[in-house]
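A short write-up of the structure that comes next.
The values are calculated or read from the model by the stated rules, or taken from the named source; none is laboratory data. Please read all numbers here as calculations on a predicted model, not as lab measurements. Note that each Cβ is placed from the backbone with ideal geometry, even for glycine, and that neighbours are counted across all protein chains shown. Accessible surface is based on the protein model in full, side chains and every heavy atom, while ligands, DNA and RNA are left aside. Shrake-Rupley method; radii C 1.70, N 1.55, O 1.52, S 1.80 Å.
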Amino acid sequence: MATTVIRHRFEPRGACRQAFESRASELLLSGPAGTGKSRALLEKLHLLALLHPGMRGLIVRKTLASLGSTALVTWNRFVVAEARRAGDLSWYGGSPQESPQYRYRNGSTIVVGGMDKPSKIMSSEYDVCYVQEAIELGEPDWEAITTRLRNGKISFQQLMADTNPDTPTHWLKARCDRGVCTMLDSRHEDNPVLYDKDGSITEAGRAYLSKLDNLTGPRHMRLRRGLWVAAEGQIYDSYDPAIHLIDRFDIPESWTRYWAVDFGYTNPMVIQWWAVDPDGRLYLYREIYHTRRTVDVHARHALAQVVDADGNWTEPRPRLIVCDHDAEGRAVLERDLGMGTVAAQKTVTDGIQTMQGRLGAAGDGRPRMFLLRDSLVERDPELVDAKKPTCTAEEIPGYIWDLGQGKAPKEQPFKVDDHGCDAARYISAELDLKQTPRVRIM
Ligand SMILES: Nc1ncnc2c1ncn2[C@@H]1O[C@H](COP(=O)(O)OP(=O)(O)OP(=O)(O)O)[C@@H](O)[C@H]1O
Ligand SMILES: [Mg+2]
């Protein structure tokens with residue numbers, strides 16, 4: 001039988017190398033953006049699949065949709081490209097019973113899945129699981145994965161994960177602090193695209209790091225410096241993705257819809273779709289969040305979400321469209337949507353208070369505002385590239401008070417990365433402030 005020799009070059013460095021070699025039962029590779037974390041763990045998974053016939057691996061993220069645009073791009077482009085060309089593995093798209101997976105010629109399998117649909121992936125057993133962006137998971141997700149690690153085809157079983165840092169109180173950080181999971185800290189110097197072997201920065205490295213240098217607040221601390229820090233002065237400090245960011249569900253026709261709009265061009269323009277349940281809870285279920293598009297283009301895209309090819313609405317029309325104060329933007333939007341809009345309440349602090357109230361637990365212990373995962377219609381590559389928030393859910397944790405010199409505490413938000421937060425505040429204020437009759441002093 002003729003054998004083909006395929007050549008593949010990969011040289012891990014620093015903490016990425018340690019992760020590549022580690023056999024710890026739970027391993028977390030933490031670090032700022034772009035240190036090579038995902039690449040190292042994917043390379044390891046592929047190598048294990050090649051070396052151990054019959055090995056079963058899993059690549060998993062909180063949602064399958066988010067995996068397609070991240071880990072699998074690196075996987076297909078850099079990790080398995082030559083091996084696929086040589087026929088060492090092939091892609092199987094899945095069936096109602098089976099998850100999508102890569103099947104190796106030697107009998108190894110690497111399954112791809114999301115914890116939003118756990119039944120498909122959790123009915124199998126694995127040798128090694130790779131969790132991408134592990135802070136998105138809840139601890140029960142993590143623990144569920146550990147119970148599936150018993151395929152026994154290699155000499156160790158491992159749950160390995162990567163992430164950018166989050167708050168110092170995050171369950172995953174606590175798990176590492178307790179010694180249950182081993183944390184390795186990667187650095188930009190670990191990535192040969194950014195730094196040469198001798199430690200000098202490359203041209204690509206300079207360009208990439210200058211983008212990260214432009215970040216502010218907790219995003220800078222986490223994505224540039226790799227630190228597990230809380231956002232100082234966080235406005236929505238009761239916001240907890242484990243509570244407020246929920247899995248998608250079909251929204252009943254009977255629930256009232258509202259749209260909220262924050263205009264922008266260089267900054268993203270945001271259009272949010274909200275539904276209200278019979279108890280008055282708000283659910284963000286769809287969102288446009290995109291830079292460098294004019295209002296008429298946004299209006300067209302928004303309509304395309306709700307109107308079919310025959311011009312029929314596929315979901316209830318919004319009761320109100322609440323917009324920020326841009327007369328020209330509103331005029332264009334009204335014209336192109338063929339619907340009226342209302343201007344948002346102008347006062348910032350009382351609007352923020354309504355949203356803080358909604359995010360806090362109500363009398364029955366549940367908040368009154370939720371965001372559905374993967375509500376974003378299309379991720380803006382320019383924002384991805386700049387490491388800016390790409391949707392409202394990514395903005396909220398870093399939305400902070402302006403604590404600059406001479407500023408009264410808790411008066412003004414810091415005016416950066418606040419577009420989705422503004423739109424969410426408009427809708428919250430619209431529903432909660434306008435209901436209470438305001439006293440007019442004559
Ligand atoms: N050792 C390496 N050799 C060659 N290229 C590498 C190496 N490490 C990383 N890269 C490349 O650098 C880029 C960024 O790597 P990767 O996506 O793994 O970073 P990351 O730390 O996971 O980033 P993020 O924090 O944004 O998820 C990828 O294109 C990857 O292929
Ligand atoms: Mg990554």
Of all trypsin sites (Lys or Arg not before Pro) in region 101-192, the ones in DSSP coil with at most 15 other Cβ atoms within 10 Å are Arg105, Arg150, Arg178
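What whole-number value in Å² describes the accessible area per residue of the chain for a 1.4 Å probe? Provide the component values of the computation, followed by the final result.
On the way: 20820 Å² over 442 residues.
That works out to 47 Å² for each residue.
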Answer check: region 187-246, Cα atoms, Kirkwood Rh, Rg/Rh ratio of 1.15
In cubic angstrom per residue, the convex hull of region 1-155 built on its Cα atoms measures 119
Here the net charge surrounding Asp88, from other residues whose Cβ is less than 15 Å away from its Cβ (Lys, Arg +1; Asp, Glu -1), is +3
Region 254-363: relative contact order from alpha carbon pairs under 8 Å, six or more residues apart, as a whole percent, is 24
Sorted largest first, the C-alpha extents of region 349-432 along its principal axes in whole angstrom are 40, 38, 21
Ratio for the chain, C-alpha Rg to 2.2 N^0.38 Å, reads 1.07
With no solvent term and unit scatterers on the alpha-carbon positions of region 228-317, Debye gives log₁₀ I(q)/I(0) at q = 0.16, 0.20, 0.23 Å⁻¹ of -0.84, -1.11, -1.22
Once amide hydrogens are built 1.01 Å from N within the peptide plane, the residues lying 5 or more places from His290 or on another chain with amide H under 5 Å from its amide H are Met269
In Å, the C-alpha Rg and Dmax of region 73-145 are 13.4, 39
Mean projected area, convex hull of alpha-carbon positions in region 1-48, reported to one decimal in nm², is 4.4
Applied in sequence order to region 76-82, the curve 6.51 cos²θ - 1.76 cosθ + 1.60 (Karplus, θ = phi - 60°) yields integer Hz couplings, x standing for Gly and Pro, of 6, 7, 10, 8, 10, 3, 5
For 158-168, 306-316, 235-245, 192-202, ranked highest to lowest by mean beta-carbon neighbours within 10 Å, the order is 158-168, 235-245, 192-202, 306-316
Computed over the chain: longest principal axis from alpha-carbon atoms vs helix 37-51 long axis, angle to nearest 10 degrees, is 40
With DSSP loop assignment and no more than 16 other C-beta atoms within 10 Å, the trypsin sites (Lys or Arg not before Pro) in region 320-389 are Lys346, Arg379
All alpha-carbon distances of region 396-437, grouped into 5 Å bins from 0, give the whole-percent distribution 5, 21, 20, 20, 18, 11, 4, 0
When the charge dipole of the chain is computed with +1 at the Cβ of Lys and Arg and -1 at the Cβ of Asp and Glu, the Cα pointing farthest to the positive end, of Phe10, Gly360, Val60, is that of Phe10
Dividing the mean separation of Cα pairs under 8 Å (6+ apart) by the residue count of the chain yields a relative contact order in percent of 15
Heavy-atom accessible area of region 131-243 with neighbours in place, 1.4 angstrom probe: carbon+sulfur share in percent works out to 49
Highest mean packing first, using Cβ neighbours within 10 angstrom, the peptides 262-274, 246-258, 134-146 sort as 262-274, 134-146, 246-258
Computed ³J(HN,Hα) along region 340-350: with the Karplus parameters 6.51/-1.76/1.60, θ = phi - 60°, integer Hz and x for glycine or proline, the list is x, 10, 10, 7, 5, 4, 7, 5, 7, 5, 6
What the 10 Å binned alpha carbon P(r) of region 281-400 shows, as percent of pairs per bin from 0, is 11, 34, 40, 14, 1
Largest-first ranking of His220, His170 by accessible area, probe 1.4 Å, whole protein assembly kept, is His220, His170
One would report the Cα pair-distance distribution of region 152-256, bin width 10 Å, in %, as 11, 28, 29, 22, 9, 2, 0
Dimensionless Rg/Rh of region 95-190, both radii on Cα and Rh by Kirkwood, sits at 0.99
Rounded to the nearest 0.05, FRET efficiency between Thr216 and Val73 (Cβ-Cβ, R0 22 Å) equals 0.20
Rg from C-alpha atoms of region 1-92, normalised by the globular rule of thumb 2.2 N^0.38 Å, equals 1.14
